[in-house]
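The values are calculated or read from the model by the stated rules, or taken from the named source; none is laboratory data. Here the structure is a predicted model, which is why all the values come from computation and not from measurement. FYI the Cβ positions are ideal-geometry reconstructions off the backbone, even for glycines, and counts take in every protein chain you see.
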Amino acid sequence: MSDLVWKRGDTYMMAFGNRIDCSCNIRNLENGWRQLDQVVWSTNSDGSRGVPYSPQLFPVGLWMVGRPEPETDPYLKPFFIPTDAHQAVEEWEIAERDKMVYVKPTGRLVEDWAYGLHNSTSPTTLGCIRVTLFYELRRLVDDINKALEDGREVRFEVMA
């Protein structure tokens, strides 16, 4: 049984028996919300910068949740809840003009990591789950920390 369950497209998840408002609104090239000069990079499994790509929804699957990490970045603060979620994404060719711009997909697939849960100053993410309300994020952080301190694994199920 999973501690956290979310179905893509839903505006809430179930976490430790609580309903938590959330979203996964991505700004990418496919939906037209990302401009060609707003290049982002995938994340490698070791946390290093990967290749240019167009952000995708949080991957479907059963994922392990890690210990919440304090954050000061306004986009992620006050906590980032990491998972081991990853998925294949398509690399994009970029060109240097006044600044970098997307040109076209290369057809090459790479694994993208660093999917997690967090609050944000932005209504969109790069594929992470955005917990809408700070107090719900705080409760989620407390529930995860307690489970991990009790020696339990915390699982996050994401359904299509």
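Are any residues in region 52-78 more than 13 Å from the chain's Cα centre (by Cα), assigned to a strand (DSSP E or B) and touching a residue at least 60 places away in the same chain (Cβ under 8 Å), and if so, which ones?
Gly61, Leu62, Met64
In region 1-36, how many are in a loop (DSSP other than H, G, I, E, B), at pLDDT 95 or above and in contact with an Asp or Glu (Cβ under 8 Å, 6 or more places away or on another chain)?
Qualifying residue count, region 1-36: 3.
Quick one: in region 125-142, which of the residues that are of a type outside the set (Lys, Arg) and surrounded by fewer than 18 Cβ atoms within 10 Å (Cβ to Cβ) is farthest from Arg34 (Cα to Cα)?
Looking at the filtered set, the residue picked out is Asp142.
Quick check: is even one residue across region 112-130 under 18 Å from Trp63 (Cβ atoms), touching a Phe, Trp or Tyr at 6+ places or on another chain (Cβ under 8 Å) and of a type in the set (D, E, K, R)?
Let us first name the residues in region 112-130 that are under 18 Å from Trp63 (Cβ atoms), namely 112-118, 125-130.
Okay, now just the ones that are also touching a Phe, Trp or Tyr at 6+ places or on another chain (Cβ under 8 Å), so 112, 115-118, 127-129.
Pick out the ones that are also of a type in the set (D, E, K, R) and you get 112.
Among the residues of region 112-130, at least one is under 18 Å from Trp63 (Cβ atoms), touching a Phe, Trp or Tyr at 6+ places or on another chain (Cβ under 8 Å) and of a type in the set (D, E, K, R), which makes the answer yes.
Can you name the residue in region 143-160 that is buried (at least 16 other Cβ atoms within 10 Å of the Cβ) and acidic (Asp, Glu) and is also nearest to Lys77 (Cα to Cα) among such residues?
Here the residue is Asp143.
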